[in-house]
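Where a number appears in this text, it was derived from the coordinates with a stated rule and is not lab data. These figures come from a predicted structure and were not determined experimentally. Virtual Cβ from ideal backbone geometry, glycine too; neighbours counted across all protein chains shown.
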């Protein structure tokens, strides 16, 4: 009987590689990138041991191979040399955890593989991202560009510029909001729902190179996130489900962030029970365990604990200190970057943190590499054997392989070591030896990676990938020698191109080798459907689905997914919105996944309170009670009252931000508004101190009625509407003292009109970005007991231009004209720092200017210093010019009044506190003077207010 070597084409000896005969392959093979195929490959890759053949003394010897499945993209299943499996435990530590990126970077450069990661808190975030395909370079870029302060902010509110106009107005006037659930007071469980962190992690995982199959073991690096059940105090290790949710649960600082409710647990930061979870690596049977400790040091001074999150971090640090000795003993190697007492809340120098981890990782890389080598128990001496090799693939194109293999085979003295060295070249999919002990002959059989001459990419979204882009991805493998690792990187780079273009779910579905043509079929990138998961089910499907911009008939775009999540959160009825697209099944078009939106609903009943004091109206109080989700439609119904010494307001309101799935909007209200005010005979003097007049008149205006508006929204922060108002408007003398220069009325009015409002400012008080525009026109015909018709056209625009990170220039202008007659209740009021009733005009008192026509222009320069003056503060420098006229024909630039002022605004818990000093002036001629105008001044005015305007 012939030996296997004799049955094959006769191999040549090593000294003459140019004369080798190679067995030809007759047909191409298809390789599906599926876990089942990979599992089958692992079964075939048996550990090294001889298999006897029919010929006496002839056996096949396979190399020792790694039994852990390879879960990255590959052209073909391939053998990997045996070694110890490597597990890495990543600790918490806040900003210090960024150093873990440097450690992973060093391991990656030294080609030290990582098979398992267990992470806590920041370690769970870094480890989760690394496990789903982000390279250390990717992670470093993310850490450098991510706005950590806003991502980890405890501010609960949506950005003002992205919410509905009515929501802006409600929020602008209140100081405190208290929610009720069926008349039960809901005390907040935390300072923030951490929506910014949730949304950031969701998008990063959605855009990962790899996605899990609801099981973190299916990721290229098997992952574990450690969290704590806040109820029982038990450690909960998350190994499946939403990856981003697991990362978020492990990093949830109690009190600061709202716990994650999952499977009956309320999950918070895993650092409370296992800040360095080395023992989790024992659960997965990692052979070599590396602990990366970045927990940092404690705050050493009481003054350092000036913020609640610093106190929470200190408490967790104290708890973790008790756990460390037992966990460190379980590690084979501990890497502790030199963080030099770096604060866990300081994200200002990401590069220094990464470098600290990188340096320590580089130092210890050699130790790790030697420690994970798999030493064979027994070696077979082949130094005296006749050694040759045979390529089990085509005759041509293996000359380069032969040049590499010949030296390894010729110099081989130990069988297992030689097989390992051949595998370590990473040029072959399989390696084995046929050994004939009787003839002292051994033949190494190698299956090289196929030579690729061209690439064909099909499937995926049409027209997304250019020929140049695909060629750039696969240039390292086309027409040249390449390794399995190079092929994997080429496929991953292909996926990264799709991710950069916004296609989050497109990935290789099939890799097929037809001769020298590599055919890659991409998945569709679509989802089977959209799943909505609610914790209360109090909101109907229509208000939810109308905010989701995902088309299930096309590939999912990251931008649309982000927009959908933001739209849902900005409705104001959810405290947290998260999304995931984990795989659940595999179907032919590669769309075997569902896009899931998980919604945490707020209680709909809200009580808002407000307090304000200013020098004109003294103390004022606001109470606002409303249901913000009537019948699960996100429509609101409620009312608010304001009480003060000189004014009182009562409103009952109903608002529909959107009618069904349309962009139409509806608003109606019953209102009562009564106020009393002083106005004076404004005079100017050549004396800089000005002229303080005693000619003060007191008036009152009372209005009550009903109004409604129907229109369409423009984005979120804009609206065009047709409106009507039916009201009784009374104006009267509040006292019998002082002159009576204004005409009073008692009228029943019906007005109709139209308005356009767009408000993209980030703050109504001291905006640093955005603009505000309001245009309105109304006409009141001769109806009811109104003897004269009148009309009114007005507009205001404000533009806020950032001049750096701390300085903002605000340009503003307003104008209004009307018919020949306008009741006092409908006229324009100017003067003071600006409020609901009187438009801002620095240098004058509130209501100093009253008229039927007006025009103003102004500018404001604000600067926010990097330090606090008790509270965060901003300095203001203001200027404005304008006037009012009773007749349009009297409007003239020569009659403008000017005002200048400077002040400071503090951002206090009770609302903004403003202190301003101002001066009005004008260029006027004195009575009886014929010479040109001269500069004249009004009296110096001080303004002070505390609280929001309402």
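Some points to look at:
- The chain: relative contact order as a whole-number percent, Cα under 8 Å and 6+ apart: 10 percent
- To the nearest ten degrees, helix 136-145 and the longest principal axis of the Cα atoms of the chain are 10 degrees apart.
- If you take the Cα centroid of segment 642-664 and the Cα centroid of segment 521-536, the two points sit 37 Å apart.
- Length gained on full extension, residue 326 to residue 185, computed as 0.36 nm times the residue gap minus the Cα-Cα distance: 46.4 nm.
- For segment 529-601: rounded, prolate or oblate by the Cα gyration tensor [a/c cutoff 1.5]: prolate
- Exposure proxy for 445, 462: other Cβ atoms within 10 Å of each Cβ, ordered fewest to most, give 462, 445.
- Cα gyration tensor, segment 605-946 - rounded (a/c under 1.5), prolate or oblate: oblate
- Antiparallel DSSP beta bridges within the chain, as percent of all bridges there, nearest 5: 85 percent
- Note on percent of Cα pairs over 58 Å apart: of the candidates [x] 68; [y] 13; [z] 30, the value calculated from this structure sits at [z].
- The DSSP beta bridges internal to segment 510-596 are antiparallel in roughly 70% of cases.
- The simple Förster model, with R0 at 51 Å and r as the Cβ-Cβ distance, assigns residue 806 and residue 404 a FRET efficiency of 0.25.
- DSSP beta bridges in segment 345-470 [antiparallel fraction, %, rounded to 5]: 60 percent
- Gain on full extension, evaluated as 0.36 nm per residue between residue 475 and residue 643 minus their Cα-Cα distance, stands at 53.0 nm.
- Cα gyration tensor, segment 454-522 - rounded (a/c under 1.5), prolate or oblate: prolate
- Neighbour counts of C-beta atoms inside 10 Å place 76, 549 in the sequence 549, 76, starting with the fewest.
- Using R0 = 35 Å, the C-beta based FRET efficiency linking residue 744 and residue 907 works out to 0.30.
- Taking the C-alpha atoms only, the angle from helix 122-131 to the longest principal axis of the chain is near 50 degrees.
- Segment 100-172-segment 703-726 distance, computed between alpha-carbon centres (Å): 41 Å
- Sorted by Cβ density within 10 Å, fewest first, the residues 905, 779: 779, 905
- Under the simplified labelling scheme, the residue 340-residue 367 pair shows an inter-label distance of 2.3 nm, with each label point 7 Å from Cα along Cα→Cβ.
- Full extension of the chain segment joining residue 516 with residue 532 gains 1.1 nm, where the gain is 0.36 nm per residue of separation less the Cα-Cα distance.
- Each part gets one Cα centre, and for segment 457-483 versus segment 809-873 those centres are 61 Å apart.
- From its DSSP helices (H runs of at least four residues, each -39,500 (n - 2.57)), the chain gives a residue-normalised ellipticity at 222 nm of -6000 deg cm²/dmol.
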